[in-house]
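Only the coordinates and a few stated rules stand behind these numbers; no lab work does. This structure is a prediction, so every number in the text was calculated from the model and none was measured. Please note: Cβ atoms are built from the backbone with ideal geometry, for glycine as well, and neighbour counts cover all protein chains shown.
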Amino acid sequence: MKKFILVFLIFNFSIFNFLKADEGMWLPIFLKAMNEADMQNKGLKLSAEDIYSINKSSLKDAIVHFGGGCTAEIISDQGLMFTNHHCGYGQIQEHSSVENDLLTNGFWAKSQAEELPNPGLVATLIIRMEDVTAQVLANVTSGMSDTEREKKVNEAIALITKEATKDSHYGAYIRPFFYGNEYYMFVTETFKDVRLVGAPPSSIGKFGGDTDNWMWPRHTGDFSVFRIYANKDNKPADYSKDNVPYKPKYVIPISIKGIEENDFTMVYGFPGRTTEYLSSFAVNMIMNESDPAKVKIRETRLGIWDADMKANDKVRIQYSAKHASLANYWKKWDGEIKGLKTADAINKKKLFEQDFLLKVNTDDDAKGKYGNLFSDFEKMYAEISVWSKQRDYHSEAIMGIEIVSAAAYFYDVMEVLKTGKKAVDAQKNISKINGEVSDFYKNFNAVTDEKICAAMLKTYVDNIDKSQQAAVFSEIQKKYKGDFKKYAKDLYSKSMFVSETKVKEALMDMDKNYKKIEKDPAYKLMYSCLSKYKKEVLPTYTDLDAKINTLNRTYMKAMRELVTTKKYYPDANSTLRVTYGKVSGYVPKNGVHYDYYTTLDGVMEKENPAVDEFVVFPKLKELYKNKDYGQYANKKGELPVAFCASNHTTGGNSGSPVFNAEGQLIGTNFDRNWEGTMSDIIYNPDQVRNIVLDVRFTLFVIDKFAGAGYLLNEMKIIK
Ligand code: ARG
Ligand code: GLU
């Protein structure tokens, strides 16, 4: 037996030691203890204290959570920031009109007075972070139910954050880490006056569009420039013309010295969500059920949109942003499925679980605590699977019908009126719908959406078991016998929701129109689906998901206790992280090698004046023809555009600064490669690459292309 255990341990060292080179999104407060030596071994010239400190200014003081979903970096002592073009896209679009189309032409403020305010856009800095596990769990006991535990945790969180921010203008949030085995607090400072300084035309900022999205080699100049404004005391304030540029505690220097393959790189930002410690059962559900269903539904929607956008210019413009956002995760999930298959992810997880269980079973105590983990996971996933499917079909297919989503704006108000209350009691909500409706109809085409409606309802009934379908479907089936085109045609000819005017009229007197709305066919379809979803699907799903989360918490604890050969990093959860790797090409498949960088020559190779995504701006062509690259050319005289590296990143890392070994900015992160999109679930160092805009291209565009070189005077540029 002893011999067996010994053999088992030696044999399994490689399986358990599954943290791969360059894997990991690390918490800045633990860099000193966990990563500093490794990072310095790999070339870093800074100390952990240079990267994150609460005693002196450090890199962290220039890392911005941009609009809640992206990252940005401060590059001047006047609050100037870089982020991605796709992160500022909404704002750039907001300032655009047919006469003044900033998306197409780009925009450059010639002075601070011309910088454009963006109501609602925020820039958040991290003041400090802190382990608050003990306080958060102070009143939690082991016998508690999930709901009791959650209640205690939330009570503690409310108290701790209140205490941490009292007498200050700071905010604070606490997030669970390792599935709630630990909790960390982030104290923040949020600026509310953030102005647009500049953006290249989409033919640079979105070059390659959806065709090149999630792909290497890449030639997209995906950047935009913003500035943080503060009041006279350098504190956050609502927009005012009296506000002044924010004076940051730290300014990131920019290096145009260039990069070589294998150079050390570090990415600092706010990765959104990863799930690296899932059981094989979860990976199975994602890879074989959820991802494929969502991909298929989106494919149908995109197909209909594509055809109508091609046929009609107005529709093309109306649907461009919606199309980009729908296509983004369609492509991501498709890549993820393939990547998980190539990585043999389920079998790898299963192998790990088998060995893990062997280890658990050698110890009575461990066996008691963890012996049933995998059978419990198996049971829970068998149960949640049908609810997860209903949830996917609800959000992707049913709510993918735009007229249904428009009717859904009315759901809450109608619920209030149903109780006998009057419209005056819901006035705030009604005004809100008014705004939402205006935005909605700007980009709505009823003819297109009628096609979507027919296709999505068919997908729903073809895939969701009859017993689980919303009640409205038995009526539809009875009357239309599966002819969803006819059903959609009738619905679109009768519903008031095809018309902005009618909807706005209805909003003016909800007491009178309440009954009419209730009878509207689009409202009835929406109501049947959404109330089933809210009252049945979501609560059941959430309850099962909470139970799975509890299992994951136990599993996570067990792994950290029993598999000590591995260094653990917490899953991404939109909190500040550091990841590091190196500049590196890769071999996507047998016989093919991808270089680590691209140049303007590649932009010209891809040029296609007939295809929107591959149009090259005349001015850029001229600079190319004259090889007018100034100080931004590399040693070979080429103009670098992008490079790829082995940093472990995910959605939310868009706009993140990419640093060299000296902590100087060498680029801005904007995407991941197709072969690496599975890295949110399983990381493979040979295949996973983050895609970075070379800062030399950014500066070239600002300076040579846009003639906004005056902005460079604010920056610290290292030559
Ligand atoms: N794939 C990148 C990221 O997830 C960029 C998305 C924007 N670009 C686009 N062509 N849709 O979000
Ligand atoms: N484009 C992504 C973002 O918006 C980053 C790509 C990724 O998921 O790695 O955050």
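Computed from phi, the 3J(HN,Hα) profile of the stretch 126-142 under the Karplus parametrisation 6.51, -1.76, 1.60 (θ = phi - 60°) reads 9, 7, 6, 10, 7, 6, 10, 3, 4, 5, 5, 9, 3, 9, 9, 10, 5 Hz, with x in place of Gly and Pro.
Summed over all non-identical Cα pairs, the Kirkwood treatment of the stretch 620-663 gives a radius of 13.3 Å. Report the FRET efficiency, 1/(1 + (r/R0)^6), for Tyr568 and Ser57, where r is their Cβ-Cβ distance and R0 is 35 Å, rounded to 0.05. In this case the efficiency is close to 0.75. Dividing the helix sum by the residues of the chain, where each DSSP H run of 4 or more adds -39500 (n - 2.57), gives a mean residue ellipticity at 222 nm of -13500 deg cm²/dmol.
Relative to the compact globular guide of 2.2 N^0.38 Å, what is the alpha carbon radius of gyration of the stretch 598-674, as a ratio?
Ratio of Rg to 2.2 N^0.38 Å for the stretch 598-674: 1.29.
Computed across the stretch 524-623, the Kirkwood hydrodynamic radius from all distinct Cα-Cα pairs reaches 20.7 Å. Shown for the stretch 354-414 is the translational diffusion coefficient from the Stokes-Einstein equation, using the Kirkwood radius over Cα pairs, a temperature of 37 °C and a viscosity of 0.692 mPa s: 217 µm²/s.
Ellipsoid semi-axes for the stretch 33-72, based on the Cα gyration tensor and the rule √(5λ), read 23, 13, 8 Å when sorted largest first. Across the alpha-carbon atoms of the stretch 349-463, the computed radius of gyration and Dmax are 24.0, 67 angstrom. According to the Cα-based calculation, Rg over Rh for the stretch 231-285 is 1.23, with Rh computed by the Kirkwood formula. Measuring between alpha carbons in the structure, the pairs from Lys350/Lys547; Lys331/Lys478; Lys314/Lys478; Lys56/Lys557; Lys110/Lys235; Lys294/Lys485 lying more than 30 angstrom apart are Lys331/Lys478; Lys314/Lys478; Lys56/Lys557.
Using C-alpha pairs below 8 Å separated by at least 6 residues, the relative contact order for the stretch 566-719 is 22 percent. Normalised by residue number, the volume inside the convex hull of the Cα atoms of the stretch 300-371 is 111 Å³ per residue.
Here the average projected area of the convex hull drawn through the C-alpha atoms of the stretch 19-118 stands at 9.5 nm².
For the stretch 465-545, taking Cα atoms only, Rg and Dmax work out to 15.2, 43 Å respectively.
Here the Kirkwood formula puts the hydrodynamic radius of the stretch 382-521 at 16.3 Å, using every distinct Cα pair. By the beta carbon rule, with partners counted only under 4.7 Å, the chain holds these lone Cys residues: Cys453, Cys529, Cys644.
Take the Cα gyration tensor of the stretch 199-298, multiply each eigenvalue by 5, square-root it, and list the three semi-axes largest first, rounded to whole angstrom.
37, 22, 19
The slack in the chain from Ser493 to Lys232, taken as 0.36 nm per residue of separation less the alpha-carbon distance, amounts to 88.2 nm.
Over the chain, what is the relative contact order in whole percent, taking alpha-carbon pairs under 8 Å and six or more residues apart?
24
Look at the Cα gyration tensor of the stretch 257-412: its axes a ≥ b ≥ c give a/c of at least 1.5 with a/b at or below b/c, and that counts as oblate. Taking only the Cα atoms of the stretch 233-347, the ratio Rg/Rh comes out at 1.14, with Rh defined as the Kirkwood radius. At q = 0.13, 0.14, 0.29 Å⁻¹ the log10 of I(q)/I(0) for the stretch 44-92 amounts to -0.39, -0.44, -1.08, computed by Debye summation with a single uniform scatterer per C-alpha, solvent ignored.
Convex hull of alpha carbon positions in the stretch 612-719: directionally averaged projected area 8.7 nm².
With viscosity set to 1.567 mPa s at 4 °C, what whole-number translational diffusion coefficient in µm²/s follows for the stretch 650-713 from Stokes-Einstein and a Kirkwood radius over Cα pairs? For these conditions, the coefficient is 97 µm²/s.
With R₀ fixed at 45 Å, the C-beta to C-beta distance from Lys369 to Thr342 puts the FRET efficiency at about 0.80. In this structure the amide hydrogen of Phe107, modeled in the peptide plane, comes within under 5 Å of the amide hydrogens of Ala199, none closer than 5 places in sequence on its chain.
Overall shape: prolate for the stretch 70-170, with the ratio a/c of the largest to smallest alpha carbon gyration tensor axis at 1.5 or above and a/b above b/c.
Evaluated over the Cα positions of the chain, the convex hull gives a direction-averaged projected area, one quarter of its surface, of 34.4 nm². Taking amide H positions as modeled 1.01 Å from N, with prolines and chain starts lacking one, the residues under 5 Å from Asp193 and 5 or more places away or on another chain are Tyr229, Ala237.
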